Amino acid sequence: MARPKKKPIFLPAGGQQAIRGKFLRFAFYHGSPALHLLATDVQQERTTVANWAKSLGQAGTWLEQWAQDALVSWKNHTYPPPKQDDEGILNVYFPWPDEQGEEDVFHCTLEGKPLSRLAHRVTIAGAPWWDEGMPDDRETFRKQMHDKLDRELNEFFKEALRLGRSKELRLPADLDLKLEASALYLLCGKSRVELAAAVHAAEATVYGWLTETLELLQLQMKTPGHQPKVASSLD
């Protein structure tokens, strides 16, 4: 019997930020050559962010924008610029990926005036307004406000998916493992064959992991035979 497909979930901008941040943390933990080049050659203007992203096959992706933001944060000292200590170890502090735009922030103003059962019954007559079977004015008003809030939330979620960075996605099982594999593949130069050997899985299985997780990360699969190498030039 086929396994049922996972139900898509609403992933706010902050959720995507966390996934991207963890992907970068795995790369940093494994001593990513690509991140080292960003903190050295690119930061010292021996090459450009565009060349760096292109060499990784990620031109035009959020990874290129993140790298540009990192350079700006180092230049403005929002984060300490990369610096070697007395033992020659390069200390690097990377900024968190950018999170959200205005479309991902919920704003709502609710206004209303509670209606009075007493005024209604006095005007048109009928059963006494204090009868136990009549709803309390507070509860009637509460329901009216909840209905208005629900309409505002429905509109927000629709617009956040259409205009913002929020997404409706199916999250992979074993997400951490697959994020780590993707970081090793894209930013640490590991091949699918090497990854398959490391996790004792078939190469086709690893390819499936990468396909699934890179789609989630909104990054590109490397072209066959591609070996990341950032040229030290401004051409």
Rounded to 0.05, the calculated FRET efficiency for the beta carbons of N91 and K6 at R₀ = 30 Å is 0.15
Phi-based couplings in Hz for region 205-220 (Karplus 6.51, -1.76, 1.60; Gly and Pro marked x) | 5, 5, 4, x, 4, 5, 4, 5, 7, 5, 5, 5, 6, 6, 10, 9
Filter on K54/K178; K6/K178; K6/K222; K83/K222; K54/K190; K167/K190 - keep pairs with C-alpha separation over 20 Å = K54/K178; K6/K222; K83/K222; K167/K190
Top mean-square fluctuation among G31, G112, G101, Gaussian network model of the chain, C-alpha springs under 10 Å?
-> G112
Roughly how many nanometres apart are two label points built 7 Å out from the Cα toward the Cβ at Q218 and V193?
-> 3.4 nm
Between L163 and E203, with labels modelled 7 Å along Cα→Cβ, what's the label distance in nm to one decimal, could you check?
-> 4.8 nm
Output the relative contact order of the chain, whole-number percent, from Cα pairs under 8 angstrom with separation of 6+ residues.
-> 36 percent
If the chain between L118 and L177 were fully stretched, how many nm would it gain, using 0.36 nm times the residue separation less the Cα-Cα distance?
-> 14.9 nm
Per GNM of the chain with C-alpha springs under 10 angstrom, the most fluctuating residue out of F94, F141, F106 is F141
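Fewest Cβ neighbours within 10 Å first, please rank L214, L171 accordingly.
L171, L214
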What is the set of long-range amide H partners of L11 at a cut-off below 5 Å, with H atoms built 1.01 Å from backbone N?
-> K167, E168, L169
Backbone N under 11 Å from the R138 label point (7 Å along Cα→Cβ), restricted to region 102-116 | none
With the dipole of the chain worked out from charges on the C-beta (+1 for Lys and Arg, -1 for Asp and Glu) around the Cα centre, which of L217, Y207, C108 lies farthest toward the positive end?
-> Y207
Along region 64-75, Karplus-curve 3J(HN,Hα) (6.51, -1.76, 1.60; θ = phi - 60°) to the nearest Hz, with x for Gly and Pro, reads 5, 5, 4, 4, 5, 5, 5, 4, 5, 5, 6, 5
Sticking with the crude label model, points 7 Å out along Cα→Cβ, report the distance from T109 to H30 in nm, one decimal please.
-> 5.1 nm
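How would you rank M221, M145, going from fewest to most other Cβ atoms within 10 Å of each one's own Cβ? Working shown, then result.
Details: M221 16, M145 13.
Ascending Cβ contact count within 10 Å gives the list M145, M221.
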Per-residue HN-Hα couplings for region 155-160 [Karplus 6.51, -1.76, 1.60; θ = phi - 60°; Hz; x = Gly/Pro] = 5, 4, 4, 5, 6, 4
So, with +1 on the Cβ of K and R and -1 on the Cβ of D and E, and no other charges, what is the size of the charge dipole of the chain about its Cα centre, to the nearest 20 debye?
-> 620 debye
Give the distance, in whole Å, between the Cα centre of region 144-216 and the Cα centre of region 52-113.
-> 19 Å
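Each value in this text was obtained by applying a stated rule to the coordinates, not by laboratory testing. Keep in mind the model is a prediction, meaning the values are calculated, not measured. Cβ coordinates were reconstructed from backbone atoms using ideal geometry, including for glycine residues, and neighbour counts include every protein chain displayed.
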